[in-house]
Amino acid sequence: MGAPSVPFGQIIHPFGELTVAHSMLLSTSQQYLSMPASNPAPDSFGHQYEALRDFTPMRWMERMFGEIAAGDYPRLVDLPCGAGKTDLVFLWLIALARYGMQRPGAKAVPRRLVWVVNRRVLVQQVYRIAQALRERLADSSTLAPVRSGLTTLGADAQPFEIVELRGQTLQDRDWVIRPAAPQLIVGTVDQIGSRLLFQGYGLGKWGRAQHAGILGTDTWVAVDEAHLVPAFVLTLRQIHAKQTSSLESLPLPLAAAFARLPFWLTELSGTPGLPPPTPTPFRLTEHEREDPALRPRLAAEATRRAVIEVPAVEKKQLPGKLAEKALQLAHAGQVRRIAIFVREATAAASVARGLKSKNVCLITGRLRGYERERLADNVIFRRFVGERTSAEGREPCFLVGTAAAEVGLDADADAIVCDFADLPTLLQRLGRLDRRGQLSTSGIVPQMHIMGVPPEPDSAVAEKLQCLAKDLRAANQPVSGALLAGAAWAEADEKQLKAWPLGATRKILAEAAAPNDWSSCELAAAAAPPVQAPPLTDAVLGAFTATTEDRGPYLSPHPFLYGFTEDESSAPLIDVAFRLEVEALRWIDLDDDAESAGDVRAALEAIFTRFPPLRAELHHVSIGAVRDWLKGSPGSSLPLLYRDRDRWRCKLADGSCDPILRALRPGSTLILPAAANTLDGCAGLLKDAGGEAGMVSISDVLDGLQKAACYRRTIAPATGRVAQDGAIAWDSESEASPPDQPDPSWKQTFRQILRVGAVDYTFRYFRPDRAASQQLQYLDDVGCVHGHLTRAAAEAHRLAEAAAPGDAFLDSLLTTAARLHDEGKRFPKWQDAFGRQSAEPELAKLNPRLSRPRPLNGFRHEWESLRHALDHVSPPPGLPVDHAALWRDLVLHFVACHHGHVRPSIADEGLTPGIEPAKQNATRVDAALRFCNLQRQLGSWRLAYLEALIRSADVEASQVQTEDEQAEGDADES
């Protein structure tokens, strides 16, 4: 590569002249703070934005709002760090309200904004911002027109809903059955990506298509820090292409409706990595760069410096050196908030230990939700995300983290110490340095200290890169090679490949005059790893959308979200929870009689099928670390439960781990016993998850999460439990505590006695008692009370009007399907199982006197509904022949699939008993062909969206949700 022009260990020159930068920053900030408030028109964007934010919008926001309102939304937002990209949320909300007031003549604006962040800890940060926005919107009289516009679109009690997709909480249960409501949905790549691909983690047959349809239609997906998840962006671009290209070929009766239900995709990044999706990205104009509100932050960049140091230590000793450097900066006295960033979670934990300070906040992407929920109360964390004040005290504090802390988090550090990484990562870290420009105004030069030099790639890595370049040059990829990996990789020769990507980053840092020039270097395109993502072909999409068979282990959504990489930050993760119930397996011998052992296993499998671990309980461990652990003595000696495809299975202590190793795939879950004697055996797993092995980390934390949980649990007696803030572990030597008392507003739905040691524990599980004041629900009208079918048809009409006002085809389609969807429940076997008495009208839902229906042995009422509909569906008069055929096919399909089955077929057990002796009968074949033809005509997401409207009408017409309607697992009627 040649000798670097600036020796390593010396300070790289700052941008421009320090005195000029300070002068400009001080004058502009003082000028802006003394500016009088503007007086925009009462109904203008500026007036409404100011009412929401308490300050006037920046100039770029004014321009972007006008483009959004005109339907010309930005595909790529390329703004500098600190320019306020997150305010896209406010622009969307005001534009959506305008659309609600002006439609149908106005350009459509999607009623859902899906904000995708790269790390779980960031979800809560954006969520809190959105909550403050909603409170302001509800209280301000100035914003009455905005509230009115949102209400016309389908808003209910709140002007818009906020959804936090990070787990199974009560507030997350209902959003997917309210497709007409304006919604801001905040989630991670895993949560949003898996759902868009019809493979939602933790969802059953009912939920997969429901979530995919809602997220893939009438939705604006905004990917924050898009350059850090290039594989996911490529997958989204493929979904967007399928959605937009098929719009022109939609069947005419539905074309107008879906023209009002667009799918938008925007990538937000201050350092774009992939080729831009459009020739005209949204960037600041010269006029906008002179905005008084923005100039201080832009000017602050001119004072940043990067310092490169090469400590003479091995890699394993580098965390100690990073901690030592951070302490040196703290003792110097000029800086008080010091961030230390590293690539690996294990290294972050080592740095935190090396600081030997009580003022340390550790943030990794694998923090369990239990710990993340308590992060906002951390005093040290608040010092980094709040404004710098003189009241903080002089004692230094440290933020130690991986990408979770350096990505998107609005953290502001006075100094940064970090290990070497590729160029996009370094630029990301740089964005956390004096983010608000407060340090620069005091005359202190903010510095980022980069320690360590990357080793040259070994021969195996070089060989892989050469093969990649060769394949790209062959131009035989289903998706453009230059798009998948960038033109620089396709054109690289063998010598260059041996030096890239970290070698290219090193050369840029040595030759570039300042951090601001890094991105403009010729090698910048190759200073990040190549993106290797699979193409989303029709065959892959067909496999993802099907629900007939259990999900197999060989086709996972993970490479579509993270690509084929060996980077730790994108390694496939396994979820690990700790539960007291699993301790019951420890007391079963492999030699015990099969009946007693089988009873305990069956009980545990039933518990976790109905009450799976909440996502906030889960540690996230790399799949490689889990495999190594299972092959070693700790993993083989402990009892556990694991999820094999869509079923829970038990492994006894000292049982074989081979079935678990075969079943493991991204998103799999292991449940281990929460007991004191589990601690030592799980130290390796917790280390990979970025945490320390302690009693809380291996405890059952469900009690600490029950305020928001979708179910609750009590355990009695409480002997042998040690607790801390809702975290419980079993210990035979601990003292007894008072038994838990169930909340009277929750109804017990399951009870199981499990023996742990010498004590029989009674585990009780509760769900909200929605049936407390509920009367029997009937299919047909009884007196002046509407039956379920009438209410479902009315709800379907409301949803049709909200989606496409005045569209007679869509209205009749949905209302007819809603009236017919539950006709199969008249079948005697179903009525008997759900508790109908002989003199009563036919039931629509479970008799409240029963806690569960009697076994149906797999029979599906919706299949009987389809058989009924075949003889009772007549298209509205006056429809052209081809329109009438489409209408009939859609109605039949909606009736058959409203619980997620018949995509494309149904299990043998679901057929109507005694009616269809042949498994491959004509009705079954026709149903499968009907699904395939409709998916080809409408596209996967639009068909799923229409299905979702029917499911939503069904649930909203009910006074209680069944477990499969809650999208948790696949609670078949069995």
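Quick notes on this one:
- The sole residue among Arg120, Arg111, Arg134 that is among the basic types (Lys, Arg) and modelled with pLDDT under 80 is Arg120.
- When Asp908, Asp889, Asp871 are screened for being under 24 Å from Phe809 (Cα atoms), within 36 Å of the chain's Cα centre (by Cα) and charged (D, E, K, R), only Asp889 passes.
- Test: residue in the range 328-342 that is of a type outside the set (Lys, Arg), in a loop (DSSP other than H, G, I, E, B), open to solvent by 20 Å² or more (accessible area, probe 1.4 Å) and at pLDDT below 90: yes
- Test: Leu322 is within 26 Å of Ile698 (Cβ to Cβ), open to solvent by less than 30 Å² (accessible area, probe 1.4 Å), under 36 Å from the mean Cα position of the chain (by Cα) and in contact (Cβ under 8 Å) with a residue 40 or more places away in the chain: no
- Members of the range 586-618 that are exposed (fewer than 13 other Cβ atoms within 10 Å of the Cβ) and either at pLDDT 75 or above or among the aromatic types (Phe, Trp, Tyr) (or both): Asp599, Ala602
- Flag if Ala844 is under 35 Å from the mean Cα position of the chain (by Cα), under 24 Å from Arg610 (Cβ atoms) and crowded, with 19+ Cβ neighbours inside 10 Å: yes
- Residue tally, condition open to solvent by less than 20 Å² (accessible area, probe 1.4 Å) and at pLDDT below 85, over the range 155-166: 4
- Residues located in the range 653-669, provided they are part of a loop (DSSP other than H, G, I, E, B), free of Cβ contacts under 8 Å to residues at least 60 places away in the same chain and either open to solvent by 20 Å² or more (accessible area, probe 1.4 Å) or within 15 Å of Arg601 (Cβ to Cβ) (or both): Ser656
- Among residues of the range 882-910 being under 22 Å from Trp830 (Cβ atoms) and acidic (Asp, Glu), the one that is surrounded by the most Cβ atoms within 10 Å (Cβ to Cβ) is Glu909.
- Screening Val116 with (1) in a helix (DSSP H, G or I); (2) surrounded by 22 or more Cβ atoms within 10 Å (Cβ to Cβ) gives one miss only, at (1).
- Every listed requirement among (1) more than 18 Å from Gln777 (Cα to Cα); (2) touching a helix residue (DSSP H, G or I) at 6+ places or on another chain (Cβ under 7 Å) is met by Pro880 save one, (2).
- In the range 934-947, the residues that are assigned by the TED database to the domain that holds Ala800 reach residues that are of a type in the set (Gly, Ala, Ser) and surrounded by fewer than 23 Cβ atoms within 10 Å (Cβ to Cβ) with C-beta atoms within less than 6 angstrom, at least six apart or across chains, in these pairs: Gly939/Ser246.
- Matching entry among Lys631, Lys687 (being touching a residue at least 60 places away in the same chain (Cβ under 8 Å), assigned by the TED database to the domain that holds Trp587, open to solvent by 10 Å² or more (accessible area, probe 1.4 Å) and basic (Lys, Arg)): Lys687
- Qualifying residue in the range 184-193 (condition: open to solvent by 10 Å² or more (accessible area, probe 1.4 Å), modelled with pLDDT of 90 or more and under 23 Å from Ser952 (Cβ atoms)): no
- Any hit, the range 911-926, residues being assigned to a helix (DSSP H, G or I), of a type in the set (A, V, I, L, M) and either surrounded by 17 or more Cβ atoms within 10 Å (Cβ to Cβ) or out of contact with any Cys (no Cβ under 9 Å at 6 or more places or on another chain) (or both): yes
- Test: residue in the range 878-889 that is in the same structural domain as Glu956 (by the TED database) and touching a Lys or Arg at 6+ places or on another chain (Cβ under 9 Å): yes
Per-residue answers, yes or no, for (1) surrounded by 19 or more Cβ atoms within 10 Å (Cβ to Cβ); (2) within 26 Å of the chain's Cα centre (by Cα):
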{"site": "Glu225", "(1), (2)": "yes, yes"}
{"site": "Leu234", "(1), (2)": "yes, yes"}
{"site": "Gln243", "(1), (2)": "yes, yes"}
{"site": "Pro262", "(1), (2)": "yes, yes"}
{"site": "Leu265", "(1), (2)": "yes, yes"}
{"site": "His287", "(1), (2)": "no, no"}
{"site": "Pro292", "(1), (2)": "no, no"}
{"site": "Arg297", "(1), (2)": "yes, no"}
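- Consider the range 26-50 and keep the residues that are modelled with pLDDT under 90 and either touching a strand residue (DSSP E or B) at 6+ places or on another chain (Cβ under 7 Å) or assigned to a helix (DSSP H, G or I) (or both). The one that is most open to solvent (accessible area, probe 1.4 Å) is Leu33.
- Restricting the range 796-841 to residues that are of a type in the set (Gly, Ala, Ser) and under 18 Å from Ala869 (Cα atoms), the residue that is most open to solvent (accessible area, probe 1.4 Å): Ser812
- Being at pLDDT 75 or above and under 17 Å from Leu228 (Cα atoms) is a condition met by at least one residue of the range 402-413.
- For first residues located in the range 206-222 and without any contact (Cβ under 8 Å) to a residue 12 or more places away in the chain and over 14 Å from Gly900 (Cβ atoms), partners that are open to solvent by 10 Å² or more (accessible area, probe 1.4 Å) and in a helix (DSSP H, G or I) and lie 6+ apart or on another chain with Cβ distances below 9 Å do not occur.
The values are calculated or read from the model by the stated rules, or taken from the named source; none is laboratory data. Predicted model, so just to flag it, every value in this text is computed and none were measured. Cβ: placed from backbone, ideal geometry, glycine included. Neighbour counts: every protein chain shown. For the accessible areas, the whole protein counts, side chains as well, though only heavy atoms, and no ligand, DNA or RNA atoms are used. Shrake-Rupley method; radii C 1.70, N 1.55, O 1.52, S 1.80 Å.
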